[in-house]
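The values are calculated or read from the model by the stated rules, or taken from the named source; none is laboratory data. Since this is a predicted model, take the numbers as computed values, not measurements. Heads up, the Cβs are rebuilt from the backbone with ideal geometry, glycines too, and the neighbour counts pull from every protein chain shown. For the accessible areas, the whole protein counts, side chains as well, though only heavy atoms, and no ligand, DNA or RNA atoms are used. Shrake-Rupley method; radii C 1.70, N 1.55, O 1.52, S 1.80 Å.
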Amino acid sequence: MTVLITVWGASPGVGKSTLCDGLSRWLTDAGLRVDHFREEEILTRPQFAAVAEEFKATGRVRRQTLIAATAQFVDAIMASGDDVVIADALMPFVPTLLAMRHGEEAIDAFMIALTEVLARVRPVMVFLDGNAERALARATRREGEHWLDWYVGKLAGYEVSPPVADVASAVKYLLRERAVTLGAVRRKDWGLVVIERADELPPDEVLQVAQRGLMPWLGDARGRIDV
């Protein structure tokens, strides 16, 4: 069964993309067939064309559109025969649902449907936990001084709850996003690997912790993999 590794974190800047790159190299070097789904590819992957079009047209994405796109994505995974798919900030779409102002009851109902669609793969989340304020500062150093204003403005424009108007309120919102994401995944019994204080660890150590945590989920491939 194909393993779907979806990587999330407590905040931008916590190291999701770096970890995805490292996991992709690790598994490819082990001889596995790996599809690395980068965060920006949701706008260009054909299975998510309807998601991109709906968002561009309305600024929102319906839950049924996300479910239909995921079903097409799973069909594509089955056709490709890949051993592992590594998705940078894709499923379970909780930040998107919160931005569309869905409550936790609606998110739980969505997770039931999503988990059913994913029944043909083995979903496991790697969650990079850490201090959101510190991670935002790291993202700002990486992206440039105007990035933080853009990010706060984006959250404010979505009218998320709790409302965002500055960095402090953005951190409060990210704490809610973290709690809802982890709660939704745990209630649906997905695989889950939480890496504590990921923002304080060097990238190679984060990768090593993730590798060890993922081993139980890699099934028959484990005999080909070194950690």
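Taking every protein chain into account, the accessible area of the chain amounts to 48 square angstrom per residue (probe 1.4 Å). By DSSP, the beta bridges lying fully in segment 3-141 are antiparallel in about 0 percent of cases.
Rounded, prolate or oblate: which fits segment 78-150, taking a ≥ b ≥ c as square roots of the Cα gyration tensor eigenvalues, rounded meaning a/c under 1.5, else prolate when a/b beats b/c? Judged from the Cα gyration tensor, segment 78-150 comes out oblate (a/c at least 1.5, b/c at or above a/b).
Backbone amide hydrogens, once placed in the peptide plane, bring HIS36 within less than 5 Å of ILE86, excluding anything fewer than 5 places away on its chain. Let me have the 222 nm mean residue ellipticity of the chain computed from DSSP H runs of 4+ only, each contributing -39500 (n - 2.57), with the sum over all residues rounded to the nearest 500. So the helix-based figure for the chain works out to -16500 deg cm²/dmol. Surface composition of segment 87-227: carbon plus sulfur atoms contribute 50% of the solvent-accessible area (1.4 Å probe, protein chains only, all chains present).
For the chain, the residue among GLY22, LEU43, HIS146 whose Cα projects farthest onto the positive side of the dipole built from Cβ charges is LEU43.
With a/c under 1.5 counting as rounded, go ahead and sort segment 43-180 into rounded, prolate or oblate using the C-alpha gyration tensor (a ≥ b ≥ c being the square roots of the eigenvalues; past the cut-off, prolate if a/b is larger than b/c, else oblate).
It comes out prolate by the Cα gyration axes.
Here the Karplus relation 6.51 cos²θ - 1.76 cosθ + 1.60, evaluated at θ = phi - 60°, turns the backbone of segment 147-152 into coupling constants of 4, 4, 4, 5, 5, 4 Hz, with x for every Gly and Pro. Count the net charge of all other residues whose Cβ sits under 13 Å from the Cβ of GLU159, scoring Lys and Arg as +1 and Asp and Glu as -1. My count for the surroundings of GLU159 gives +3.
The mean sequence separation of alpha-carbon pairs under 8 Å and at least six residues apart, normalised by the residue count of the chain, gives a relative contact order of 32 percent.
Do you know the Lys pair count in the chain for C-alpha distances under 23 Å, with sequence separation 8 or more or different chains? Can you show the working numbers first?
Values: LYS16/LYS154; LYS16/LYS172; LYS16/LYS188; LYS56/LYS154; LYS154/LYS172.
Lysine pair count for the chain: 5.
Distant-in-sequence amide contacts of GLY9, defined by a placed amide H-H separation under 5 Å and a gap of 5 or more residues or a different chain, comprise LEU128. Counting only Cβ charges, +1 for Lys and Arg and -1 for Asp and Glu, the dipole size of the chain around its Cα centre is about 320 debye.
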